[in-house]
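Here is the structure we will look at, set down as structure tokens.
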Amino acid sequence: MTRSDHPRHELAPLLASPVRLSIVAALAANDRAEFAFVRDLVEITDSALSRQATTLEEAGFLEIVKGHVGRRPRTWLALTEHGRAVYARHMTALRSIVDLS
């Protein structure tokens, strides 16, 4: 195996953050999820989720959609096709690294 063949080269640097990886993993199982659901699942604050979601949105990994349910404002998060593809590659690379040991 040459240096460029090692699966670590397929890891997404943005997903090196445990919080961002947790957010993407939570969204990978759903078409979209309400902000509060992801916040509670990942066990972070509103401001932390907002900051990380914006980072992921700027990278093209997720879409943030604002709307209302009745008169109450709601925010939904959804992975983009690009985000799903990057997450799948990242997880495949992690599994390959573990399998090398």
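A few remarks follow.
- Test set (1) more than 30 Å from D99 (Cβ to Cβ); (2) in contact (Cβ under 8 Å) with a residue 40 or more places away in the chain; (3) within 13 Å of the chain's Cα centre (by Cα) - A28 fails condition number: (1)
- Of all residues in the range 77-90, those that are surrounded by 16 or more Cβ atoms within 10 Å (Cβ to Cβ) and of a type in the set (G, A, S) total 1.
- Qualifying residue in the range 8-23 (condition: among the hydroxyl-bearing types (S, T, Y) and either free of Cβ contacts under 8 Å to residues at least 12 places away in the same chain or over 29 Å from I97 (Cα atoms) (or both)): no
- Test result for L94, touching a helix residue (DSSP H, G or I) at 6+ places or on another chain (Cβ under 6 Å) and of a type in the set (A, V, I, L, M): no
- A93 falls short on exactly one of the conditions (1) buried (at least 16 other Cβ atoms within 10 Å of the Cβ); (2) over 13 Å from L14 (Cα atoms); (3) within 11 Å of the chain's Cα centre (by Cα), and that condition is (3).
- Only one entry of L49, L41 meets the criterion of being free of Cβ contacts under 8 Å to residues at least 40 places away in the same chain, under 13 Å from A25 (Cα atoms) and either among the acidic types (D, E) or touching a helix residue (DSSP H, G or I) at 6+ places or on another chain (Cβ under 7 Å) (or both), and that entry is L41.
- Across the range 60-76, the qualifying residues are those that are loosely packed, with under 14 Cβ neighbours inside 10 Å and of a type in the set (A, V, I, L, M, F, W, C), and the one among them that is farthest from the chain's Cα centre (by Cα) is V69.
- Residue list for the range 33-59, restricted to those being surrounded by 15 or more Cβ atoms within 10 Å (Cβ to Cβ) and basic (K, R): R39
Throughout, read-outs are computed from the coordinates displayed, never taken from laboratory work. Here the structure is a predicted model, which means the values were calculated and not measured. Heads up, the Cβs are rebuilt from the backbone with ideal geometry, glycines too, and the neighbour counts pull from every protein chain shown.
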